[in-house]
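The values are calculated or read from the model by the stated rules, or taken from the named source; none is laboratory data. The model shown is predicted, which means the values in this text are computed figures rather than measured ones. Cβ atoms come from the backbone with ideal geometry, glycine included; neighbour counts cover every protein chain shown.
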Amino acid sequence: MSDSNGDFPQVGVVGIQGDIEKHLDCLERVGARGRRVLSPRDLDGVEGLILPGGESTTMSKGLRRHELIKPIQEFAEAGGALLGTCAGAILMARESLNQPVPTLGLIDVEAERNAYGTQLDSFIAKADSDSSEEWQDFECVFIRAPLFRNPGTAVQVLIRVAGEPVLIRQGRRFACTFHPELTSDLRVHRAFIDALG
């Protein structure tokens, strides 16, 4: 569902925690119109939804407090596109590991929380050279990042770093263990918007 001019896809960003403004800026730069989502009615008219990074326990509780769990699951089941980044990817997983939190079960993978260590262990790394051509030289920013474990057969790995999957896709659902909004490279947001078509 586009705006009244039919030009800009409408994309929501769950506004509980994380760098919401940076995601909104990325969306604008790739030709989408973004808005914060803090209630089920905020999902009306959106084609895509981003679950940003943050702290997954806090975000999981926030989804429950704002009564967003079932509406997001229904949005996904109805064909809405989703992008989960870092903590958002944990929430999209079928299961979380290492002090698990309740998840939405929207992508067939396990997410191991804080697998790379604490905030002090944050780092930037380039995509492995065997990642697909469209992702060559992509730089990933990891902050208290999870690891993806045991992806299902329907899950496509788009980017690996040090052999580990860090950007995955299952249909119109994307999840990444890093923060694409923290660099000037718009390829993740662009791929997500392209999936709306």
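For the stretch 111-123, does any single residue satisfy the condition of being modelled with pLDDT of 95 or more and within 25 Å of residue 64 (Cα to Cα)? Within the stretch 111-123, one or more residues are modelled with pLDDT of 95 or more and within 25 Å of residue 64 (Cα to Cα). Please go through the stretch 22-67 and pick out each residue that is farther than 22 Å from residue 190 by Cα, crowded, with 21+ Cβ neighbours inside 10 Å and touching a Gly at 6+ places or on another chain (Cβ under 8 Å). Selection gives 59 alone. Can you pull out the residues in the stretch 169-184 that are of a type in the set (A, V, I, L, M) and either surrounded by fewer than 24 Cβ atoms within 10 Å (Cβ to Cβ) or more than 21 Å from residue 26 (Cβ to Cβ) (or both)? The answer is 182, and nothing else. Over 24 Å from residue 44 (Cβ atoms), surrounded by 15 or more Cβ atoms within 10 Å (Cβ to Cβ), without any contact (Cβ under 8 Å) to a residue 60 or more places away in the chain and in contact with a Pro (Cβ under 6 Å, 6 or more places away or on another chain): does that describe residue 113? Judged against the criteria, residue 113 is a match. Given the structure, is residue 82 closer than 20 Å to residue 152 by Cα, modelled with pLDDT of 95 or more and in a strand (DSSP E or B)? Answer is yes for this residue.
Of the residues making up the stretch 165-188, those that are touching a residue at least 60 places away in the same chain (Cβ under 8 Å), part of a helix (DSSP H, G or I) and closer than 16 Å to residue 137 by Cα are 180, 182, 188. Here is the figure for the stretch 131-154: residues that are in contact with a strand residue (DSSP E or B) (Cβ under 7 Å, 6 or more places away or on another chain), in a loop (DSSP other than H, G, I, E, B) and surrounded by fewer than 19 Cβ atoms within 10 Å (Cβ to Cβ) total 5.
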